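The values are calculated or read from the model by the stated rules, or taken from the named source; none is laboratory data. Here the structure is a predicted model, which is why all the values come from computation and not from measurement. Neighbour counts are summed over all protein chains in view; Cβ atoms, including those assigned to glycine, are modelled from backbone coordinates with ideal geometry.
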Amino acid sequence: MYLVEDQYQRTFKTLRISLTNACNFGCVYCVQGEEVRKDLSATNTALTVDQLLRTVSELKTLLPLETIRLTGGEPTLFKELVPLMEGLSKMGISSIKMTSNGYLLADMASRLAAAGLKEVNISLDAIDVDVFYKVSRRKDLHRVLNAIEQCMRHGIQVKLNTVIMKGLNDSQILPLLYYAGERNIAVRFLELMKMGYYYSHEFERYFYSENKILNTISEDFIYTQQERIAGATSNYWMTQEGYRFGIIANESSPFCGDCDRLRLDSNGNVFGCLSENTAVPVYGILHDKDELIERLKLALSHKQAVQFKGSKLEMIAIGG
Ligand code: SAM
Ligand code: SF4
């Protein structure tokens, strides 16, 4: 029996830890307005590895945590990523996942696999180098493609995340589906989320809906929808060729109803929902179980009943 549950029987089963809000990419949907980010170098988080592990360990006593996803910012910039994964594995977390832009990943793949990384979502917004540059503001597509190969070679399951923006990279939907399908990788197309800059600017201009994504895929493929897994952000389809693709359609097919995600930032605060800008500090009160329960309940109360409404926070700050 778990103590932290809301009126929709939602609790927290997945913990997303944002290891840093630094990044070595400048994706326009994430950090619009910052042509060059100042903090390109590796940074350490406010919480040390031991402090992060202690936080997870205390949360685990109160929550039915099944999966931990390491994210950011760019989690591969976190210097002690391997010891952190080893610590999580020792704690008995069997499902350790990560979301990464892939830039630094190829050289780390074997060490991360040995430390317990089971699955990685690699962000890949284009397979054409010029379009890749327009979205990420970097010219290093080859590094990301190499990371995909290396992760697969070391037995880490790879999925691709592609945020589709109208007029910017919708031309990449079919090429990416061919690229992923031929390698037996699932690609998930994401509708743009109203976050950061897009909370109050140009959202309609760039929004490309689930329906439009499906129509584009229909130009080359016949597909059928698969059954949705409870708690999942993505709906999935399978083409006749056996290519599996997903769409994370925050606007068109909201998924708040059975959301089980809790976010922990690098300063020891939790967030129950991307819509809620208020950080709930937990690191300083880990010793006080009753208070921790109250704060987790508060974070849970921040979840939307049906649909994410947008946030001024950038994804890079809260952890995607
Ligand atoms: N740096 C890593 C990466 O890019 O994969 C992890 C952090 S990133 C914030 C996590 C995910 O959030 C990425 O897949 C990215 O595409 C997505 N994301 C960021 N801003 C978004 C937005 N406004 N709408 C939809 N997805 C967004
Ligand atoms: Fe960096 Fe990821 Fe945001 Fe791109 S989406 S700027 S890689 S944190």
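Quick notes
- Search result, residues across the stretch 238-268 that are surrounded by fewer than 19 Cβ atoms within 10 Å (Cβ to Cβ), touching a helix residue (DSSP H, G or I) at 6+ places or on another chain (Cβ under 9 Å) and not polar (S, T, N, Q): Glu241, Gly242, Glu251
- Being in contact with a strand residue (DSSP E or B) (Cβ under 6 Å, 6 or more places away or on another chain), surrounded by fewer than 17 Cβ atoms within 10 Å (Cβ to Cβ) and under 27 Å from Leu65 (Cβ atoms) is a property that does not hold for Ser123.
- Any hit, the stretch 76-96, residues being touching a residue at least 40 places away in the same chain (Cβ under 8 Å), of a type in the set (S, T, N, Q) and under 23 Å from Ala46 (Cβ atoms): no
Table: residues versus (1) at pLDDT 95 or above; (2) away from ligand 1 (no atom under 15 Å from the Cβ); (3) under 24 Å from Asp258 (Cα atoms).
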position	(1), (2), (3)
Val135	yes, no, no
Arg153	yes, yes, no
Ile164	yes, no, no
Tyr179	yes, yes, no
Gly196	no, no, no
Ser218	yes, yes, no
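- Within the stretch 126-142, the set of residues being charged (D, E, K, R) and crowded, with 17+ Cβ neighbours inside 10 Å comprises just one member, Asp140.
- Test result for Arg183, more than 21 Å from Glu241 (Cα to Cα), in contact with a helix residue (DSSP H, G or I) (Cβ under 8 Å, 6 or more places away or on another chain) and surrounded by fewer than 18 Cβ atoms within 10 Å (Cβ to Cβ): no
- For the criterion of being farther than 15 Å from Arg10 by Cβ and either within 16 Å of ligand 1 (Cβ to nearest atom) or buried (at least 18 other Cβ atoms within 10 Å of the Cβ) (or both), Phe271 fails.
- Top-ranked residue of the stretch 10-27 - restricted to ones that are polar (S, T, N, Q), near ligand 1 (Cβ under 10 Å from one of its atoms) and more than 20 Å from Arg143 (Cβ to Cβ), ranked as surrounded by the fewest Cβ atoms within 10 Å (Cβ to Cβ): Asn21
- Each residue in the stretch 274-296 was checked for being polar (S, T, N, Q) and within 19 Å of the chain's Cα centre (by Cα), and 2 pass.
- Output for the stretch 64-115, where each listed residue is small (Gly, Ala, Ser), surrounded by fewer than 18 Cβ atoms within 10 Å (Cβ to Cβ) and over 28 Å from Ile293 (Cα atoms): Ser110, Ala114
- Criterion violated by Ile229 - all others in (1) among the β-branched types (Val, Ile, Thr); (2) buried (at least 18 other Cβ atoms within 10 Å of the Cβ); (3) within 23 Å of Asp258 (Cα to Cα) satisfied: (2)
- Hey, Leu160 crowded, with 21+ Cβ neighbours inside 10 Å, in contact (Cβ under 8 Å) with a residue 40 or more places away in the chain and touching a strand residue (DSSP E or B) at 6+ places or on another chain (Cβ under 7 Å) or not: no
- Residue among Gln157, Gln226, Gln172 that is touching a helix residue (DSSP H, G or I) at 6+ places or on another chain (Cβ under 7 Å) and not acidic (Asp, Glu): Gln172
- Some residue of the stretch 297-310 being buried (at least 18 other Cβ atoms within 10 Å of the Cβ), free of Cβ contacts under 8 Å to residues at least 24 places away in the same chain, more than 15 Å from the chain's Cα centre (by Cα) and not in a helix (DSSP H, G or I): no
- Scanning the stretch 226-261 for residues being assigned to a loop (DSSP other than H, G, I, E, B), of a type in the set (Gly, Ala, Ser) and either under 15 Å from Gly181 (Cβ atoms) or in contact with a Gly (Cβ under 6 Å, 6 or more places away or on another chain) (or both) gives a total of 2.
- Just one residue in the set Ser218, Ser209 is surrounded by fewer than 18 Cβ atoms within 10 Å (Cβ to Cβ), touching a Ser or Thr at 6+ places or on another chain (Cβ under 7 Å) and of a type in the set (Gly, Ala, Ser); that residue is Ser209.
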